[in-house]
Amino acid sequence: MSGPMVKAEAVHKSFGRLEVLRGIDLEVNPKEVMCLIGPSGSGKSTFLRCINHLEKIDAGRLSVDGELVGYRQHGDKLYELPDREVCQKRSEIGMVFQHFNLFPHMTALENLIEAPIRVKKASRSTAVTYARALLDRVGLADKTNAYPKQLSGGQQQRVAIARALAMDPKLMLFDEPTSALDPELVGEVLDVMRRLAQDGMTMVVVTHEMGFAREVGDTLVFMDGGVIVEAGKPRDVLANPQQERTRSFLSKVL
Amino acid sequence: MTDIASGPAAPGSQAGPRPEAIKAIPVRHPWRWVSGALVLAFAGDVVYTFATAPDLRWDEVWKWLSGRLILEGIVITLELTVLAMVIGIVLGIVLAVMRLSPSPVMSWVSWIYIWFFRGTPVLVQIFFWFNLNTVLPHIGIGIPGTPLHWQESTNLLISAFTAATLGLGLNEAAYMAEIVRAGIISVEQGQTEAAQALGMNRLQVMRRIVLPQAMRVIIPPTGNETISMLKTTSLASIAAVPELFTRSEQIANFTFLVIELAIVASIWYLAMTTVLTVGQYYVERYFARGAQRELPPTPFQRFRRMLVTFHAPPPAVPDVSPYFPPGRR
């Protein structure tokens, strides 16, 4: 497999009359970590949600691992995918949310084994063994039977990352994973993400953590007003932005 | 005193010594005593009036309270309640999910059902099912143009008991559908998204993620509905189903003990709803897990704890200290 993991060509998306994405072109290669930054309302989260079809795009082409998201093409006609196939594709992409969205009525372990058992039809014992290993990997082996409410924000987000990993995704999407956390808890989540990147996971990360972007990111994309303003190596973009808009944004957040 | 004056503890230092617990004279509430006495006096008067009413045969009340006819009526009342609620809850969940379905056919069928069954009185609905045989002597289903056909006499198919069960259950489903729908809507959108992102389909998301969380909102009004249903079953008397109220009325008709039998029925209804209320408390508690860090103690646990603290001297240190014990530093 040598093609890009994510390929976007002129992706457009509107909510009613509000045009949120106005032509996004980018490629994420396997094992690449791409960080998306930009002011709120710039469309970065929306773009992320388009990648696993939580939002439908209105124009352009968006594909993951060489296959169109949400559609199948025959000749020059597009056919909408039935629910079953949309679910199948989503199950190969992990997503981590700003507000964790753990299932509050399930323990940490139950959160992790739910989808593997229901969606991948894994046996319970296999799912449990793998889930325990993942919880250990994010440093929460002792919280297996805790309910989300009994965990700190940082711990919840680490469980959420483990839950996404339990499906063995080929791509991980992070939607501002540390924005809802107390400052002292941010580090533990970023540590887990850093290790994930080192292990070769392909990641698209919407973030405000410039330090993380500089250290871990292979590419940095700055979005504003639904378009990509500037993209490049994180060090270059952060140290020497070419666009005036990028400069003014960075001067406020750095 | 110097501790308070020096403000917050210096970095790295231990928490200061715990000051003496506050002892203050509580605010007095004389009007609570006055109003309490008035209520007691009024209640006492009502009880006394009924207890000593010369024409009220209390001996007959106690006699009929455990009479075989009444006990049989109770069994039927409970059967009606359980069956109607099962029909109501199952059909209600189906209707609520249909109502929220992206398919317009599903959503409309559900809307019309709720509109019709909520818009007509239960009494009329029971009456309708009970008297259906007068216009449709036979009911059957089949596929036109094929020999596949089945029919049965309405009288055999819909007994008085069935008519009451259908009337109560189908009506309840319309109300339960709205309760379930409110519960489903109360679950955060992020939960659905997280489940979808994991590849779960609509049905799995609903059954495994949304409905269990909706339960917390659905259970309390469902408990109300069950308690209400227990009493509404008395409407089955219009179809002469021999449940508790029908039985007490029938007995009153040949003994002329009208109020006495009404009291008998009321005592039993009250006893049954009390049991249901206790059950409701525990079911709600079960579905609250995960919503709170720790479940609140049951009245029984609270009672036991009260007994313990009553006998033991109050602890010198609060048992849940916000500070680390000195040994761990």
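Throughout, read-outs are computed from the coordinates displayed, never taken from laboratory work. Everything numeric here is computed off the predicted structure, so don't read it as measured data. Cβ sites come from the backbone with ideal geometry, for glycine too, and all protein chains shown count toward neighbours.
Dividing the mean sequence gap of close Cα pairs (under 8 Å, 6+ apart) by how many residues the stretch A:109-154 holds gives a relative contact order of 32 percent. How large is log10 I(q)/I(0) at q = 0.08, 0.13, 0.14, 0.17 Å⁻¹ when the Debye formula is applied to the Cα atoms of chain A, each weighted equally and without solvent? Cα-only, vacuum Debye calculation for chain A: -0.32, -0.84, -0.97, -1.35. Full extension of the chain between A:Lys121 and A:Asn29 yields a length gain of 30.2 nm, computed as 0.36 nm times the residue separation minus the alpha carbon distance.
Just list whichever of A:Lys56/A:Lys89; A:Lys31/A:Lys252; A:Lys13/A:Lys121; A:Lys31/A:Lys77; A:Lys7/A:Lys31; A:Lys31/A:Lys149 have alpha carbons separated by over 24 Å in the model shown.
Working: A:Lys56/A:Lys89 14 Å; A:Lys31/A:Lys252 31 Å; A:Lys13/A:Lys121 34 Å; A:Lys31/A:Lys77 32 Å; A:Lys7/A:Lys31 14 Å; A:Lys31/A:Lys149 34 Å.
Checking Cα-Cα distances, A:Lys31/A:Lys252; A:Lys13/A:Lys121; A:Lys31/A:Lys77; A:Lys31/A:Lys149 exceed 24 Å.
Note on chain A: with a GNM built from Cα contacts shorter than 10 Å, the maximum mean-square fluctuation among A:Gly232, A:Gly70, A:Gly38 falls on A:Gly232. Taken along its principal axes, the alpha carbon cloud of the protein assembly as shown reaches lengths of 101, 95, 47 Å, longest axis first.
Placing a label point 7 Å from the Cα of B:Asn224 along the Cα-to-Cβ direction, the residues of the stretch B:249-286 whose backbone N falls under 16 Å from that point are B:277, B:280-281, B:284. Suppose a student asked you for the relative contact order of chain A, using Cα pairs under 8 Å spaced at least 6 residues apart; what percent would you report? 27 percent.
Rounded to the nearest 5, what is the percent of antiparallel bridges among the DSSP beta bridges in the protein assembly as shown? Of all bridge pairs located within the protein assembly as shown, approximately 65 percent are antiparallel. Screening chain B for whole DSSP H helices of 20 Å or more along their axis (Cα) with average Kyte-Doolittle hydropathy at least 0.0 returns B:30-52, B:68-99, B:104-119, B:160-186, B:211-232, B:258-287. P(r) tail for the stretch A:1-82: Cα pairs beyond 17 Å make up 47% of the total. Size of the stretch B:165-302: Rg and Dmax of its alpha carbons, in Å, are 20.5, 69. Taking one quarter of the surface of the C-alpha convex hull of the stretch B:65-128 gives a mean projected area of 5.6 nm². Considering only B:Val94, B:Val105, B:Val283, the Gaussian network model of chain B with Cα springs below 10 Å gives its largest mean-square fluctuation to B:Val105. Take the Cα of B:Ile141, go 7 Å toward its beta carbon, and the backbone nitrogen atoms of the stretch B:163-206 under 18 Å from that spot belong to B:163, B:166-167, B:170. The A:Asp168 and A:Arg247 beta-carbon pair, evaluated with R₀ = 45 Å, returns a calculated FRET efficiency of approximately 0.65.
In this label model, A:Glu85 and B:Trp62 are separated by 7.9 nm, measuring between points 7 Å along each Cα→Cβ vector. Between A:Gln73 and B:Ser266, the modelled label-to-label distance comes to 7.8 nm, taking each label 7 Å out from Cα in the direction of the beta carbon. Computed as a quarter of the hull surface, the mean projected area of the alpha carbon convex hull for chain B stands at 31.7 nm². Maximal additional length on extending the B:Val283-B:Leu71 stretch stands at 73.6 nm, based on 0.36 nm per residue less the C-alpha distance. The three principal axes of the Cα atoms in the stretch A:59-158 give end-to-end lengths of 54, 30, 23 Å, sorted in falling order.
When the scattering of the stretch A:107-254 is computed by the Debye formula from its Cα atoms alone, each counted once and equally, what is log10 I(q)/I(0) at q = 0.11, 0.18, 0.19, 0.21 Å⁻¹? Computed log10 I(q)/I(0) values: -0.49, -1.03, -1.11, -1.26. Over chain A, with a Gaussian network built from C-alpha contacts below 10 Å, which listed residue (A:Gly94, A:Gly66, A:Gly16) shows the highest mean-square fluctuation? Sorting by GNM fluctuation, first place goes to A:Gly16.
According to the Cα-based calculation, Rg over Rh for the stretch A:1-144 is 1.01, with Rh computed by the Kirkwood formula.
Mean separation of Cα pairs under 8 Å and 6 or more residues apart, divided by the residue count, gives the stretch A:149-219 a relative contact order of 38 percent. Around the Cα centre of the protein assembly as shown, unit charges on the Cβ atoms of Lys, Arg, Asp and Glu (plus for the first two, minus for the last two) sum to a dipole of about 800 debye.
Spin-label model, B:Ser103 to B:Ser153: label points 7 Å out along the Cα-to-beta-carbon direction sit 3.9 nm apart. What the Cβ-Cβ distance of B:Val27 and B:Ala182 gives, at R0 = 41 Å and to the nearest 0.05, is a FRET efficiency of 0.50.
When chain A is described by a simple charge dipole with +1 on each Lys and Arg Cβ and -1 on each Asp and Glu Cβ, the residue from A:Val227, A:Ser14, A:Leu151 located farthest towards its positive end is A:Leu151. A Cβ-based charge dipole, computed about the Cα centre of chain B with Lys and Arg at +1 and Asp and Glu at -1, lands at about 1300 debye. Overall size of the stretch B:1-156 from C-alpha positions, given as principal axis extents largest first: 99, 66, 28 Å.
Note on A:Asp218 and A:Asp136: with the Förster distance fixed at 25 Å, the Cβ-Cβ geometry gives a FRET efficiency of about 0.35. Every helix of 4 or more DSSP H residues in the protein assembly as shown counts as -39500 (n - 2.57), and over all residues that averages to -16500 deg cm²/dmol at 222 nm.
The convex hull built on the alpha-carbon positions of the stretch A:144-230 has an orientation-averaged projected area of 6.8 nm².
All C-alpha pair distances within the stretch B:170-234, sorted into 5 Å bins from zero, spread as 4, 17, 23, 19, 14, 10, 7, 4, 2, 1 percent across the bins. Across all C-alpha atoms in the stretch A:159-205, the radius of gyration and Dmax reach 10.6, 30 Å.
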